[in-house]
1. Return yes or no: is ALA161 closer than 22 Å to MET107 by Cβ, open to solvent by 20 Å² or more (accessible area, probe 1.4 Å), among the small types (Gly, Ala, Ser) and modelled with pLDDT of 95 or more?
2. Could you list all residues from segment 83-123 that are without any contact (Cβ under 8 Å) to a residue 24 or more places away in the chain and assigned to a helix (DSSP H, G or I)?
3. Read through the list (1) surrounded by fewer than 14 Cβ atoms within 10 Å (Cβ to Cβ); (2) modelled with pLDDT of 85 or more, then give the number of the only condition that GLN510 fails.
4. Between a residue in segment 477-500 that is more than 16 Å from LEU380 (Cβ to Cβ) and any residue that is among the aromatic types (Phe, Trp, Tyr) and open to solvent by 10 Å² or more (accessible area, probe 1.4 Å), which pairs come within a Cβ distance under 8 Å, given they are 6 or more apart or on different chains?
5. Which residues, taken from segment 347-386, are of a type in the set (Asp, Glu), open to solvent by 30 Å² or more (accessible area, probe 1.4 Å) and modelled with pLDDT under 75?
6. Quick one: in segment 68-82, which of the residues that are assigned to a helix (DSSP H, G or I) and open to solvent by less than 30 Å² (accessible area, probe 1.4 Å) is farthest from SER51 (Cα to Cα)?
7. Mind checking whether some residue in segment 224-238 is free of Cβ contacts under 8 Å to residues at least 60 places away in the same chain and either in contact with a His (Cβ under 6 Å, 6 or more places away or on another chain) or in a loop (DSSP other than H, G, I, E, B) (or both)?
Amino acid sequence: MQNQLIIFDTTMRDGEQSPGAAMTREEKVRIAKQLERLRVDVIEAGFAAASPGDFEAIRAVAESVRESTVCSLARANENDIRRAADAVSPAARRRIHTFIATSPIHMQRKLRMTEEQVLEAAVRAVRLCRQFTDDVEFSAEDAVRSEEDFLCRVFEAAIDAGATTINVPDTVGYSVPDRWGSLFKRLLERVPNAGKAIWSTHCHNDLGMAVANSLAAVLNGARQVECTINGLGERAGNASLEEIVMAVKTRADIFPVRTVIDATQIVPASKLVSTITGYPVQPNKAVVGANAFAHESGIHQDGVLKHRETYEIMRAEDVGWGANRLSLGKLSGRNAFKSRLVELGITLHSEEALNAAFARFKELADKKREIFDEDLQALLSDESITPENERFKLVSLVAHSETGEQPFAKLVVSDAGIEAQSEARGAGPVDAAFQAIESLVHSGTQLLLYSVNNITSGTDSQGEVTVRLAKDGRVVNGMGADTDIVVASAKAYLSALNKMGLKSSRMNPQYGEEAPAP
């Protein structure tokens, strides 16, 4: 254990706190299965007490995952801990992660508790967690701004109470590597029973140093890193799993640890999380960005062709690039298609859903020469997988754009099975399509983000569109994919509306106007 670095993935908990990145139960199960293929040690599946939906999602993950430890977050109170224990109870390996704030600003302004009250609450929480599992993690929220003497007292007491992992979070992304590393060194020296627990680091990226801070902690004794796929997380995000893993692997001369991660599953995990959350990966993102192994400079290209290591410190195939091509085509059979879905962690709820998905796959295969795993992920990521969540659905769309003329779009949308049509003009065909949809649904939402990303290379690639909408303080992301970018945009807009959960309205099937109440 001294040489193993435990990878604790919090994509489905801390990552889900990104605006609009909320995941359904089915989506969390898909991500969890991919994380298990990635061989993540601990999967933090959510915050069980946050909502009934989060509780059910954690429980579904606990029932689906067999190799990785499944964890739920819980505040240091009895209700949270009991909910967390119930949620993770089906897991073969389970953990409860309890926390309480320890910084003066949090204790005084948020908790309105004294140091002694916080200390007592921490001990009481850990002891209660131990009634349900031997694997208990304790976190001191906002440790970065806490008094060091008090941190030592709290951590010592938590370990004595039964905590097996001690997490030191930079909750607000405030630290810098040398300070963060030296803090870990001092904590491990000053806490008398430090050797009885695994020490963990949890860093946010507000100053762009989450990965650097995490690695500094590893060099000073941390043996668990809490991180997320693609660095997803609230505000500027969390430490990026793929960067942590590959830094440790690539610089084994510096870091005296190893992970059990299957690095070839990194890119598939990145693409799945991006597709489900609607958060695209920037092209120059380390390890998983589209340009991470691209070489434009002639000097670089010449060097790589002569000897790869002249400009590449990692092999693209080692992290999953080029290894995810789907060996299916338009002549492939239904069983082969179903088997590949199972490998990708995609579960369809009925034979009818499988037949519909297979039909969409055949349609895509007619449009594209090659099909990739990410094409399948995008194809099957819409709400049609869970029909109970799908209210609006695009039936047909005609868009026209011509130089010197104002673009227009004409479409038909199904609202709970009732079709309505509308047309509108706009600044472009996408804008016209959105205007046409709004003339039907009158959502009253605000468009915060419109983003386009190609799923694979080539002009026949599916376009992946992300739409972020806001209403009454709620923010949701919608994603749509199609070889026609206008169609993909309309699908994304409707996907976001479905997640928004608008109140029902009766529309005139011909004109898209609300019909008078009976």
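1. So ALA161 does not fit the description; no.
2. MET107, GLN108, ARG109, LYS110, LEU111, GLU116, GLN117, GLU120
3. Failed condition: (2).
4. Sorted first by the residue in segment 477-500, then by its partner, the pairs are ASN477/TYR279; SER489/PHE434; SER489/TYR450; ALA490/PHE434; TYR493/PHE434.
5. GLU370, ASP382 - these are the residues of segment 347-386 that are of a type in the set (Asp, Glu), open to solvent by 30 Å² or more (accessible area, probe 1.4 Å) and modelled with pLDDT under 75.
6. In this case the residue turns out to be ILE81.
7. No, there is no match, as no residue in segment 224-238 is free of Cβ contacts under 8 Å to residues at least 60 places away in the same chain and either in contact with a His (Cβ under 6 Å, 6 or more places away or on another chain) or in a loop (DSSP other than H, G, I, E, B) (or both).
Residues checked against (1) open to solvent by 10 Å² or more (accessible area, probe 1.4 Å); (2) under 20 Å from ASN213 (Cα atoms); (3) aromatic (Phe, Trp, Tyr):
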{"position": "ALA91", "(1), (2), (3)": "no, no, no"}
{"position": "SER103", "(1), (2), (3)": "no, yes, no"}
{"position": "PHE150", "(1), (2), (3)": "no, no, yes"}
{"position": "ARG153", "(1), (2), (3)": "yes, no, no"}
{"position": "PRO177", "(1), (2), (3)": "yes, yes, no"}
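The values are calculated or read from the model by the stated rules, or taken from the named source; none is laboratory data. Just so you know, these numbers come straight off a predicted model, no measurement behind them. A quick note on method: Cβ atoms are made from the backbone with ideal geometry, for glycine too, and the neighbour counts reach across all protein chains shown. Calculation scope for accessible area: heavy atoms of the full protein, side chains included, ligands and nucleic acids excluded. Shrake-Rupley method; radii C 1.70, N 1.55, O 1.52, S 1.80 Å.
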